[in-house]
C-alpha cells in the first residue's frame with residue numbers, strides 16, 4: 001500500500017490526542033459495506049455530507065469508521081437503497097463491523113451536483129449537500145476497534161498505528 005502521509009491537524013480534537021496523524025469519518029452501517037464491500041464497479045465512491053471536505057484533507061488518506069450505534073429502520077432503508085442501486089443484498093447487518101475503523105480512502109475532491117446514483121442531491125433535509133469523492137478505497141483485513149465521533153475527527157495515535165500496521 002502507498003505510504004500514508006502524515007496529517008498535521010494541529011491541536012487534539014474530539015477523540016484524538018496530540019500525536020494523531022490521521023483523520024476519520026464515522027459512517028452508518030451499512031454505508032461502510034457499500035464503500036468497502038462491493039465490487040469496485042458497484043461500490044459507493046461518493047460520501048454525502050452537509051459540509052465541504054476541509055482543504056487540508058484533499059488528496060490525503062482518511063479512516064472510515066463504522067458507527068457503533070444502531071438505527072434499525074434507517075439501516076433497512078439504506079439496505080434497500082443499496083439494493084436499488086446495485087442489485088445486491090447487504091450481508092446480515094449483525095455480521096458487519098461496528099465501533100471500529102474498517103478501511104481507508106483518499107478524499108480527492110467534492111461535487112455539488114452529480115449524476116452518480118450515490119449522490120443524494122444538492123440538498124438533504126433542507127441542508128446543502130456535498131459529495132465527497134473517495135478514491136483508492138482499501139478495507140482493513142481486520143477492523144480496529146475505536147470510539148467514533150461526529151464530523152471529521154482525529155484518530156488517537158495508538159489506534160492510528162494499529163490501522164497503519166493492518167494496512168500491510
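The values are calculated or read from the model by the stated rules, or taken from the named source; none is laboratory data. Note that the structure is a prediction, hence the values are computed from the model and not measured. No Cβ is skipped: glycine too gets one built from the backbone with ideal geometry, and neighbour counts run over all protein chains shown.
Just for region 90-112: of the residues that are in contact with a helix residue (DSSP H, G or I) (Cβ under 8 Å, 6 or more places away or on another chain) and part of a strand (DSSP E or B), which one is farthest from residue 30 (Cα to Cα)? Don't jump to the end; show me each part of the working.
Step one: filter region 90-112 for residues in contact with a helix residue (DSSP H, G or I) (Cβ under 8 Å, 6 or more places away or on another chain), giving 90-91, 93, 96-97, 101-105, 107.
Imposing the further condition that a residue be part of a strand (DSSP E or B) reduces the set to 101-105, 107.
Values: 101: 14, 102: 12, 103: 13, 104: 16, 105: 17, 107: 20 Å.
Out of the qualifying residues, it is 107.
Would you call residue 114 over 29 Å from residue 166 (Cβ atoms), surrounded by 15 or more Cβ atoms within 10 Å (Cβ to Cβ) and in contact (Cβ under 8 Å) with a residue 60 or more places away in the chain? First the steps, then the outcome.
Working: over 29 Å from residue 166 (Cβ atoms): yes; surrounded by 15 or more Cβ atoms within 10 Å (Cβ to Cβ): yes; in contact (Cβ under 8 Å) with a residue 60 or more places away in the chain: yes.
It is true that residue 114 is over 29 Å from residue 166 (Cβ atoms), surrounded by 15 or more Cβ atoms within 10 Å (Cβ to Cβ) and in contact (Cβ under 8 Å) with a residue 60 or more places away in the chain.
Are any residues in region 82-95 surrounded by 18 or more Cβ atoms within 10 Å (Cβ to Cβ) and either without any contact (Cβ under 8 Å) to a residue 40 or more places away in the chain or closer than 29 Å to residue 54 by Cα (or both), and if so, which ones?
82
Does region 93-107 include one or more residues that are within 24 Å of residue 127 (Cα to Cα), at pLDDT 95 or above and in contact with a strand residue (DSSP E or B) (Cβ under 8 Å, 6 or more places away or on another chain)?
Pass one, region 93-107, residues within 24 Å of residue 127 (Cα to Cα): 107.
Among the residues that remain, those that are also at pLDDT 95 or above are: 107.
With the extra rule that they be in contact with a strand residue (DSSP E or B) (Cβ under 8 Å, 6 or more places away or on another chain), the set shrinks to 107.
Yes, region 93-107 contains a residue that is within 24 Å of residue 127 (Cα to Cα), at pLDDT 95 or above and in contact with a strand residue (DSSP E or B) (Cβ under 8 Å, 6 or more places away or on another chain).
Look at residue 89 and say whether it is touching a strand residue (DSSP E or B) at 6+ places or on another chain (Cβ under 8 Å), at pLDDT 95 or above and over 19 Å from residue 150 (Cβ atoms). Steps first, please.
Details: touching a strand residue (DSSP E or B) at 6+ places or on another chain (Cβ under 8 Å): no; at pLDDT 95 or above: yes; over 19 Å from residue 150 (Cβ atoms): yes.
The answer is no for residue 89.
So, in region 121-141, exactly how many residues are under 18 Å from residue 27 (Cβ atoms) and loosely packed, with under 15 Cβ neighbours inside 10 Å? Step through it out loud before you land on a result.
Filtering region 121-141 for residues under 18 Å from residue 27 (Cβ atoms) gives 124-125, 127, 129-140.
If we keep only those that are loosely packed, with under 15 Cβ neighbours inside 10 Å as well, we get 124-125, 127, 135-136.
Qualifying residue count, region 121-141: 5.
Any residue at all in region 115-127 that is outside any loop (DSSP other than H, G, I, E, B), within 16 Å of the chain's Cα centre (by Cα) and farther than 16 Å from residue 23 by Cβ? It would help to see each step written out before you state the result.
So in region 115-127, the residues outside any loop (DSSP other than H, G, I, E, B) come out as 123-124, 127.
After this cut, where a residue has to be within 16 Å of the chain's Cα centre (by Cα) as well, the list is none.
No: region 115-127 contains no residue that is outside any loop (DSSP other than H, G, I, E, B), within 16 Å of the chain's Cα centre (by Cα) and farther than 16 Å from residue 23 by Cβ.
Search region 143-155 for residues being surrounded by fewer than 20 Cβ atoms within 10 Å (Cβ to Cβ) and part of a loop (DSSP other than H, G, I, E, B), and hand back the single one that is modelled with the highest pLDDT. Don't jump to the end; show me each part of the working.
To start, the set of residues in region 143-155 that are surrounded by fewer than 20 Cβ atoms within 10 Å (Cβ to Cβ) comprises 145, 147, 149-151.
Pick out the ones that are also part of a loop (DSSP other than H, G, I, E, B) and you get 147, 149-151.
On the way: 147: 95, 149: 92, 150: 90, 151: 91.
Among those that are surrounded by fewer than 20 Cβ atoms within 10 Å (Cβ to Cβ) and part of a loop (DSSP other than H, G, I, E, B), it is 147.
Of everything in region 113-141, what is modelled with pLDDT of 95 or more and out of contact with any strand residue (DSSP E or B) (no Cβ under 6 Å at 6 or more places or on another chain)? Give them in sequence order.
Those that are modelled with pLDDT of 95 or more and out of contact with any strand residue (DSSP E or B) (no Cβ under 6 Å at 6 or more places or on another chain): 113, 115, 117.
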